[in-house]
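Engineer: Structure incoming, see below.
The values are calculated or read from the model by the stated rules, or taken from the named source; none is laboratory data. No experiment lies behind these values; they were computed from the predicted model shown. Here the Cβ is made from the backbone with ideal geometry for all residues, glycine too, and neighbour counts use every protein chain on show. With ligands, DNA and RNA removed, areas are computed over all heavy atoms of the protein, side chains included. Shrake-Rupley method; radii C 1.70, N 1.55, O 1.52, S 1.80 Å.
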Amino acid sequence: MFQLANASRAPNVHPTINKHRSAQEKRLLANYVPVYVMLPLGVVTIENVLNDKQGLEKQLLKLKDAGVDGVMVDVWWGIIEAKGPKQYDWTAYRNLFQLVQQSGLRLQAIMSFHQCGGNVGDIVNIPLPDWVLKVGETDPDIFYTDKSGNRNKEYLSIGVDNKPLFGGRTAVQIYSDYMKSFRESMSDFLEAEVISDIEVGLGPAGELRYPSYPQSLGWVFPGIGEFQCYDKYLTEEFNEAAKKGGHPEWELPDDAGSYNDTPEVTEFFKPNGTYTTDKGKFFLTWYSLKLIGHGDEILEEANKAFLGCKVKLAAKVSGIHWWYKSDDHAAELTAGYYNLDDRDGYRPIARMLSRHDAILNFTCLEMRDSEQPANAKSGPQELVQQVLSGGWRENIRVAGENALSRYDKDAYNQILLNARPNGINKAGKPKLKMSGVTYLRLSDDLLEDKAFNLFKKFVRKMHADQDYCGNPAEYHNDVYPMQPSEPKFSWEELLDATKPIPPFPFDEVTDDPVGDDDNDDDDECPSSDVIGMAIEGVAHIGEVIGKILGIPGKQ
């Protein structure tokens, strides 16, 4: 039903600017990093109407004139399937995609299975479909739950991934059906290669994580957050895991503090606290592998849905930089990233993504350590370096976003540094290069003359001072028809990726900064609010958890 006719020979609707490139320009083009811009959250309204089409068209053309490669947009489950199960209405999004295509831009489409509202930067409210929320009225355990019993309606709990609670369908089946309908309804845009990436939402804010730091429940930066596994389904799973692991007396943590605590005041995260014990390691391994398994299963469904399409799958990982320089890494742990100084919590995610040939999309590219308050023990620069290095070591593409809207040179230059950590290679492709960067987000503030002039310079620098290129193969971002996912990794293979390896070296500053050639202060734009927001014993624990979660051992 979904086979694309002549997909491999689809016309390229984004031709390279008609100019002859010299040999040197072609070599420099290998350093080109495409730039996408995130569209406003409410570009399609809750009523499923394209908002201000004429105004948006002008904005898209302005982006195109600036050399921007494409745009990213949330495709909200709460809008598309609002009328009832399998009652999809793609009309407004088709109108939007047509506008993007006519503007000569590419498109990154996010399968947004989460609620809009309750997170940093959320200015509109788009809940999950009403028919899903009604299931939650009689069974509130379909939602993530903290130890106090607070329900979070941003995203369905991992515990119901395979529970047929939604008119006979499981959560995974709902996501799969949605993506299949998207492919069928958008087949012409897929065939024309307008859509370059399908980012699959895997949690709150579309990120592969637990909703550990919800503003709706009073969290404020830099609180450590709370574990989110106390719904009855995940509680039952953990109790069964502990029983199979030979410790039926172990229960979910009750000593990890509350959302706005600091690590040292809790029994779980204090020095030599619960997280360092066998019980703590068992829980954290279970908690983190459940998250990886969740992403793995849904990405496999995405791969099936888009099989044969010339697109790349992508998944977003959150940049939780606060408490990164603390021994306990508390904020990362509550979010599901089991990352410690002697344990890499991100490379197993990258390894999982590699079997789907998916892009790892990471946030907080613009942040520097010096901008963070000392009491938060933040390390955004080291965190970005670790995560990107892990992706490159697993031979997958890495992309990224800024976490907060910024319009200043410092932010742009930090993104440029992360995009090409060792600078431009004038002889050809650099050793390390991100596959793309998405700027968050399109707004009147960005399009204001002074801010936009600086943004255009940033785009030019991301392109290695080369003209816009409409053929990704020329800068080594080739996209091929999607193939079936590779076999699942064993638990040993996933946990092998937790062994810490020093990250690739990054330069101190970018070698081609924005503003170097400027003689005035016209492009000095104020930033927005800068501050927003042990391996021992692991093999045995991994074996137990792997068997419990159905992750095979090595064959």
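Engineer: Rank Ser112, Pro140, Asn150 by how far each Cα sits towards the positive end of the charge dipole of the stretch 61-169 (+1 on Lys, Arg Cβ; -1 on Asp, Glu Cβ) and give me just the farthest.
Structural biologist: Most positive-ward Cα: Ser112.
Engineer: Set Lys and Arg Cβ to +1 and Asp and Glu Cβ to -1, take the dipole of the chain about its Cα centre, and tell me which of Trp323, Met38, Thr277 lies farthest positive.
Structural biologist: After comparing all options, I get Met38.
Engineer: List the trypsin sites (Lys or Arg not before Pro) within the stretch 86-149 that fall in a DSSP loop (any state other than H, G, I, E or B) and whose Cβ has at most 12 other Cβ atoms within 10 Å. Walk me through the numbers on the way to the answer.
Structural biologist: Details: sites: Lys86, Arg94, Arg106, Lys134, Lys147; in loops: Lys86, Lys147.
Those that pass, being in a loop and sparsely packed, are Lys86.
Engineer: With Cα extents along the principal axes in Å as the read-out, I listed (1) 78, 77, 44; (2) 109, 54, 39; (3) 71, 50, 47; which label goes with the value calculated from this structure?
Structural biologist: Among (1) 78, 77, 44; (2) 109, 54, 39; (3) 71, 50, 47, the one calculated here is (3).
Engineer: What number comes out for the charge environment of Asp261, summing +1 per Lys or Arg and -1 per Asp or Glu over other residues with Cβ under 12 Å away?
Structural biologist: Numbers: positive: Lys270; negative: Glu226, Asp255, Glu264, Glu267, Asp328.
Taking every Cβ under 12 Å from that of Asp261, the sum is -4.
Engineer: Another one. Report the local net charge at Lys488: Lys and Arg +1, Asp and Glu -1, summed over other residues whose C-beta lies under 10 Å from its C-beta.
Structural biologist: -4
Engineer: Where the accessible area of the chain is counted over protein heavy atoms with a 1.4 Å probe, how much of it, in %, is carbon and sulfur? Write out the running numbers ahead of the final one.
Structural biologist: Values: 10010 of 21030 Å².
Its accessible area is 48 percent carbon and sulfur atoms.
Engineer: Leaving out ligands and nucleic acids, note down the accessible area per residue over the chain with a 1.4 angstrom probe, in whole Å². The partial results should precede the final answer.
Structural biologist: Values: 21030 Å² over 555 residues.
Per-residue accessible area for the chain comes out at 38 Å².
Engineer: Also, quick follow-up: Could you tell me the distance between the Cα centroids of the stretch 484-517 and the stretch 413-428, to the nearest Å?
Structural biologist: One Cα centre to the other: 15 Å.
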